[in-house]
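The values are calculated or read from the model by the stated rules, or taken from the named source; none is laboratory data. On a predicted model such as this, the values are computed, not experimentally measured, just so you know. Using ideal geometry, Cβ is built from the backbone for each residue, glycine included, and neighbour counts are taken over all protein chains shown. Accessible surface is based on the protein model in full, side chains and every heavy atom, while ligands, DNA and RNA are left aside. Shrake-Rupley method; radii C 1.70, N 1.55, O 1.52, S 1.80 Å.
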Amino acid sequence: MFAKVTSLGLSGLAGYVVQVEADLSSGLPQFTLVGLPDSAVKESSERVRSAVKNLHYPWPSSRITINLAPADVRKTGPVYDLPLLVGLLAAQGVLPVPAPHQAFLGELGLDGTLRPVTGVLPMALAAVTLGVTELFLPAENAAEAAEAAGLTVYPARMASDVVRHLCGEEAITPATPGGFDEAGTWLGPDMADVRGQAEARRALEIAAAGGHNLLLVGPPGTGKSMLAKRLPGILPPLTYEEALETSAIYSVAGLLPAGSGLLKERPFRSPHHSVSTAAMAGGGSTPRPGEVSLAHNGVLFLDELPEFSRDTLEVLRQPLEDGAVTVSRVHGTARYPCQFMLAAAMNPCKCGYLGHPTRECTCTPSAIEQYRRRISGPLLDRIDLHIEVPSVDYEAMRRKDTPECSRDIQRRVNAARAVQQVRYAGTEVSCNAYMTPPMIGKYCVLDEKCEKIMHSAFDRLGLTGRSHDRILRAARTIADL
């Protein structure tokens, strides 16, 4: 007896169909699982055996062969427990063989309960394009899967619920999309909390309006981290497409809260300076997204920038240019998007008080030079705005008037982004920071006076071609504001 059940797999953020083929043949009782399964998939035989018996369904007393096709792609995780159980019961005639447009995924408990798995959202999005119209999965994953338009999602808490639905005994109520509000309200920290620092506040507004990278340099306690944490609050709200992309990454990483749908706020990632290169860029024996991808469509904040290892910082160079990172391993290659804003903060020297108006710097000139050399020139060249954040005087801290709030700044940022959306309509460019060289030549034309200023600065400061283009991009954003 033979049965074929459709399931789904994931390679990076790309989903693909996996056919779970169950065959029962004569011979001594034996369970064989083939199709390049990893350890978690191999162990599914014991979970499925216990679940079948505890749900009081028959376990075949014959030779069992399970094939996961395509056989040349490595299968990972416990996602195939449910389709394996359905395939075994269908091969015995306990339930009808599911149609090809019906897909199943989910981890089984020993008592038959369905537990959530990771990567459901990108698999659900891929399922629609692969001809799947019905998806059976754990109830905790239903909210994210329901966001895939054109897919009927059946949430189940027990494997027996799926069996009864397929047998026509008790139908499962399909899940409904939770809806998405693109004008969501920011509930994080507010710019109204920041006293003084008018120049740094202006720099954050410019960075947000054009999607530019930002470096804040100043003594300890001047508010560099405080400012950076408020950057997501002045960025435009996530669009539905951006929320889908970001939520798919978090789903693969297992960071999407159980029972939730799409992310509503732009991500803000602030890894410790001890983070490894693999954790920053992504990797592992089974490739997983790193911090740069988890910050996609949001902000990656690196506090105490020189304290990060040189290798970890250098791995940022290619993602900052390309907006994507490719992780290659023996078992496959995964490509993750990582179009993020880099916000970094650092002290001017090791002790932190170089140039401070009241405290004396204790660093030697060689120590200052060594400290700054921890950050390479090519990385600094990829940061559009370098801003000094001076110490705040007492009068500014005790001032009674309330500084401008994030909502008011966000209105100006949204207006500038609207200008850019019209300018780049029909292209893949979303904001000024990602203008291509031909676009710079078209939209950043300098008059004679500006040409002289740029020429003088280029020669006097020893600017690179990349610096030249980034200055023009930032100037275009200021003009948009």
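For Phe31 and Asp72, FRET efficiency with R0 = 22 Å and r from the beta-carbon atoms, rounded to 0.05? It would help to have the intermediate numbers written out before the result.
Values: r = 22 Å, r/R0 = 1.01.
According to the calculation, E is roughly 0.50.
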> aspartates and glutamates near Lys75 by alpha-carbon distance under 16 Å, same-chain residues fewer than 8 away left out - which ones?
Replying inline: Glu21, Asp38, Glu43, Glu107
> Straight-line reach from Lys350: which aspartates and glutamates have Cα under 13 Å away, leaving out those fewer than 8 places along the same chain?
Replying inline: Glu304, Glu307, Glu360, Glu369
> How big is the charge dipole of segment 295-419 about its Cα centre, in debye rounded to the nearest 20, if each Lys and Arg gets +1 on its Cβ and each Asp and Glu gets -1 on its Cβ?
Replying inline: 280
> Taking the Cα centre of each part, how many Å lie between segment 214-242 and segment 1-23?
Replying inline: 43
> Angle, helix 448-461 long axis vs. longest principal axis of the chain, Cα atoms, 0 to 90°, nearest 10?
Replying inline: 80
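Where a ≥ b ≥ c are the square roots of the eigenvalues of the C-alpha gyration tensor, would you call segment 354-481 rounded, which needs a/c under 1.5, or, failing that, prolate if a/b is larger than b/c, or oblate?
Numbers: a/c = 2.25, a/b = 1.27, b/c = 1.77.
Oblate, because a/c is 1.5 or more while a/b does not exceed b/c.
How many percent of the accessible area of segment 50-138 is carbon or sulfur, using a 1.4 Å probe? Walk me through the numbers on the way to the answer.
Values: 1680 of 3020 Å².
Carbon with sulfur: 55 percent of the solvent-accessible area.
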>> Restricting to Cα pairs below 8 Å that are 6+ residues apart, what does the relative contact order work out to for segment 1-133? Please round to a whole percent.
In response: 34
> For helix 120-129, what angle does its Cα long axis make with the longest principal axis of the chain, in degrees from 0 to 90 and rounded to 10?
Replying inline: 70
> Which Cα, out of Gln421, Gly441, Val392, lies furthest along the positive dipole direction of segment 364-472 (beta carbon charges, K/R +1, D/E -1)?
Replying inline: Gln421
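Take every Cα pair under 8 Å in the chain that's 6+ residues apart, average their separations, divide by the length, and report that relative contact order as a whole percent.
On the way: 973 pairs, mean separation 67.3, N = 481.
Rounded, it is 14 percent for the chain.
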> What number comes out for the charge environment of Ser11, summing +1 per Lys or Arg and -1 per Asp or Glu over other residues with Cβ under 15 Å away?
Replying inline: +3
> How large is the helix-only mean residue ellipticity at 222 nm for the chain, computed as the sum of -39500 (n - 2.57) over DSSP H runs with n ≥ 4, divided by its residue count, in deg cm²/dmol to the nearest 500?
Replying inline: -10000 deg cm²/dmol
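Skip the ligands, DNA and RNA, and give the accessible area per residue of the chain with a 1.4 Å probe, whole Å².
Details: 21740 Å² over 481 residues.
On a per-residue basis, the chain sits at 45 Å².
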> Which of Leu238, Phe458, Ala479 sits farthest toward the positive end of the charge dipole of the chain, with +1 on the Cβ of Lys and Arg and -1 on the Cβ of Asp and Glu?
Replying inline: Phe458
> Using a 1.4 Å probe, how large is the accessible area of Met341, given in Å² and rounded to the nearest 10?
Replying inline: 10
>> Test of understanding: what is the full-extension gain from Asp408 to Ala192, defined as 0.36 nm times their sequence separation minus their Cα-Cα distance?
In response: 76.8 nm
>> For a quick check of your reading of the filter: which GluC sites (Glu not before Pro) in segment 424-464 sit in a DSSP loop and have no more than 13 other Cβ atoms within 10 Å?
In response: Glu428
>> Charges on Cβ only, +1 for Lys and Arg, -1 for Asp and Glu, centred on the Cα centroid of segment 112-259; of Gly211, Ala148, Thr133, which one is farthest towards the dipole's positive end?
In response: Gly211
> With axes computed from alpha carbons, what is the tilt in degrees of helix 406-423 against the longest principal axis of the chain, rounded to the nearest 10 within 0 to 90?
Replying inline: 80
> Among Thr402, Thr32, Thr477, what's the order by accessible area (1.4 angstrom probe), most exposed first?
Replying inline: Thr402, Thr32, Thr477
> Leaving out ligands, DNA and RNA but keeping every protein chain, what accessible area does Asp447 have, in Å² rounded to the nearest 10, with a 1.4 Å probe?
Replying inline: 90
>> Under the rule a/c < 1.5 gives rounded, and otherwise a/b versus b/c splits prolate from oblate, where does segment 174-261 land using the Cα gyration tensor?
In response: prolate
>> Under the 0.36 nm per residue contour assumption, what length would be gained going from the current alpha-carbon distance of Ala425 and Leu110 to full extension?
In response: 108.1 nm
> What does the accessible area of Arg398 come to, in Å² to the nearest 10, when a probe of 1.4 Å is used?
Replying inline: 140
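Under a 1.4 angstrom probe, counting protein chains only, how are Ser225, Ser39 ranked by accessible area, largest first? Display every interim value, and only then the final one.
Values: Ser225 35, Ser39 80 Å².
I get Ser39, Ser225, largest accessible area first.
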> In terms of Cα to Cα distance under 28 Å, which lysines are near enough to Lys264, apart from those fewer than 8 places away along the same chain?
Replying inline: Lys224, Lys229
> Nearest 20 debye, what's the magnitude of the dipole of the chain about its Cα centre given +1 on Lys and Arg Cβ and -1 on Asp and Glu Cβ?
Replying inline: 720
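Quick one: pull the percent of accessible area on segment 358-481 belonging to carbon and sulfur, 1.4 Å probe, ligands and nucleic acids left out. Each step should come with its number before you reach the end.
Working: 4340 of 8070 Å².
Here it works out to 54 percent.
Considering only the other residues whose Cβ falls under 12 Å of the Cβ of Ile172, what net charge follows from Lys and Arg at +1 and Asp and Glu at -1? All intermediate terms of the calculation are to be shown ahead of the outcome.
Values: positive: Arg157, Arg164; negative: Glu134, Asp161, Glu169, Glu170.
Net local charge, Ile172 excluded: -2.
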> Which shape class applies to the chain: rounded if a/c is under 1.5, otherwise prolate when a/b exceeds b/c and oblate if not, where a ≥ b ≥ c are the square roots of the Cα gyration tensor eigenvalues?
Replying inline: prolate
>> Explain nothing, just the number: dipole magnitude of segment 1-99 about its Cα centre with +1 on each Lys and Arg Cβ and -1 on each Asp and Glu Cβ, in debye rounded to the nearest 20.
In response: 120
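Within segment 202-298, what whole-number % of the accessible surface is contributed by carbon and sulfur, with the 1.4 Å probe and all protein chains included in the calculation?
So the carbon and sulfur contribution to the accessible surface is 56 percent.
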